[in-house]
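What follows is one structure encoded as structure tokens, with my remarks underneath.
The values are calculated or read from the model by the stated rules, or taken from the named source; none is laboratory data. Note that the structure is a prediction, hence the values are computed from the model and not measured. FYI the Cβ positions are ideal-geometry reconstructions off the backbone, even for glycines, and counts take in every protein chain you see.
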């Protein structure tokens, strides 16, 4: 759905996409190919082929492949339940992946690297919309603090290597993402894939109502994953002077969002419509709402010449088609 405009010079760099099987990593590969980058110039490894938590293996891989650019989209991710259940795994695995990849990139002379973080890096109680300079100004949301700490460390790793070694390593922080390749696990998924699955199953079973936790009043922002991929390639390919003019050495990350949000009730009604569920939607107000609002301030990215192209409804249609094709047998 993104236009296939070339973002690359005639002499193509060798690009390693870490996490190419994940929702974001696979979207980055799609974007690179749509932008005219040859498939032969994109380096990938599955987890079975390369465990990014193993330092020696990562160093050997970089020394052998010698990529020019790296998109670091590999991470251990999950919803609130998973974060609460496996906090040690979330902080350990993400710290190890980041440290190993960023250091190996520097050691083998990688020209440019883009680290992908998360909006959860910001304090739980923070002014809306969330600006980049809100980082480290307050206490994090307890349910995903280990993951957030790891993502903050990734930003600071990039900044520290830039300051000490003169590398060009950048960071982007996406809002809530959704799209093809999402995680539809009944317990560990995020809100959009969870609702897609619930409304689909309710429609198939003929259920007359679907109950959603909370009041439906909290507001959230969502970005289609291929828009995120397009933003990532855009930021990676910015002239260094242009990028550094919009950032600073110790505040270098860039928010990536669509700039608008909606209530959980509005989201649920939209998903139900896309799925074709015509039953009743009710809200269990005895369940927690979570943070009242999470909206990113993406004005820095807009100032760098990028805006999203895909509307929520259009993105949800593609996401639902992907769910039906790849995750159901109905």
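Which residue out of 30, 93 is over 18 Å from residue 161 (Cβ atoms), in a helix (DSSP H, G or I), touching a helix residue (DSSP H, G or I) at 6+ places or on another chain (Cβ under 9 Å) and in contact (Cβ under 8 Å) with a residue 60 or more places away in the chain?
The conditions single out 30.
So, in segment 103-112, exactly how many residues are assigned to a helix (DSSP H, G or I) and over 16 Å from residue 51 (Cβ atoms)? First the steps, then the outcome.
From segment 103-112, those assigned to a helix (DSSP H, G or I) are 103-107; that's our starting set.
When the remaining residues are screened for being over 16 Å from residue 51 (Cβ atoms), the result is 105-107.
So the count comes out to 3.
Look at residue 121 and say whether it is touching a strand residue (DSSP E or B) at 6+ places or on another chain (Cβ under 7 Å), surrounded by 21 or more Cβ atoms within 10 Å (Cβ to Cβ) and under 22 Å from residue 311 (Cβ atoms).
Values: touching a strand residue (DSSP E or B) at 6+ places or on another chain (Cβ under 7 Å): yes; surrounded by 21 or more Cβ atoms within 10 Å (Cβ to Cβ): yes; under 22 Å from residue 311 (Cβ atoms): no.
So residue 121 does not fit the description; no.
Inspect all residues belonging to segment 76-90 and state whether any of them is farther than 21 Å from residue 180 by Cβ and assigned to a loop (DSSP other than H, G, I, E, B).
Yes, the conditions are met somewhere in segment 76-90.
Within segment 41-62, can you find the residues that are touching a residue at least 12 places away in the same chain (Cβ under 8 Å) and in contact with a helix residue (DSSP H, G or I) (Cβ under 8 Å, 6 or more places away or on another chain)?
Those that are touching a residue at least 12 places away in the same chain (Cβ under 8 Å) and in contact with a helix residue (DSSP H, G or I) (Cβ under 8 Å, 6 or more places away or on another chain): 42, 43, 44, 45, 52, 53, 54, 55, 58, 59, 61, 62.
Taking the conditions exactly as written (at pLDDT below 95, within 26 Å of residue 227 (Cβ to Cβ) and within 16 Å of the chain's Cα centre (by Cα)), does residue 25 satisfy them or not? Let's see the steps before the verdict.
Working: at pLDDT below 95: no; within 26 Å of residue 227 (Cβ to Cβ): yes; within 16 Å of the chain's Cα centre (by Cα): yes.
No: the conditions fail for residue 25.
Scan segment 162-183 and tell me whether some residue there is part of a helix (DSSP H, G or I), crowded, with 19+ Cβ neighbours inside 10 Å, in contact with a helix residue (DSSP H, G or I) (Cβ under 8 Å, 6 or more places away or on another chain) and modelled with pLDDT of 95 or more.
no
Any residue at all in segment 288-296 that is out of contact with any strand residue (DSSP E or B) (no Cβ under 6 Å at 6 or more places or on another chain), touching a residue at least 60 places away in the same chain (Cβ under 8 Å), farther than 13 Å from residue 217 by Cα and surrounded by fewer than 18 Cβ atoms within 10 Å (Cβ to Cβ)?
Among the residues of segment 288-296, not one is out of contact with any strand residue (DSSP E or B) (no Cβ under 6 Å at 6 or more places or on another chain), touching a residue at least 60 places away in the same chain (Cβ under 8 Å), farther than 13 Å from residue 217 by Cα and surrounded by fewer than 18 Cβ atoms within 10 Å (Cβ to Cβ), which makes the answer no.
Do you know which residues across segment 130-143 are part of a loop (DSSP other than H, G, I, E, B), under 20 Å from residue 246 (Cα atoms) and either at pLDDT below 95 or under 18 Å from the mean Cα position of the chain (by Cα) (or both)?
First pass over segment 130-143, keeping only residues part of a loop (DSSP other than H, G, I, E, B): 131, 135-141.
Going one step further and asking which of them are under 20 Å from residue 246 (Cα atoms), we end up with 131, 135-136.
Those that are part of a loop (DSSP other than H, G, I, E, B), under 20 Å from residue 246 (Cα atoms) and either at pLDDT below 95 or under 18 Å from the mean Cα position of the chain (by Cα) (or both): 131, 135.
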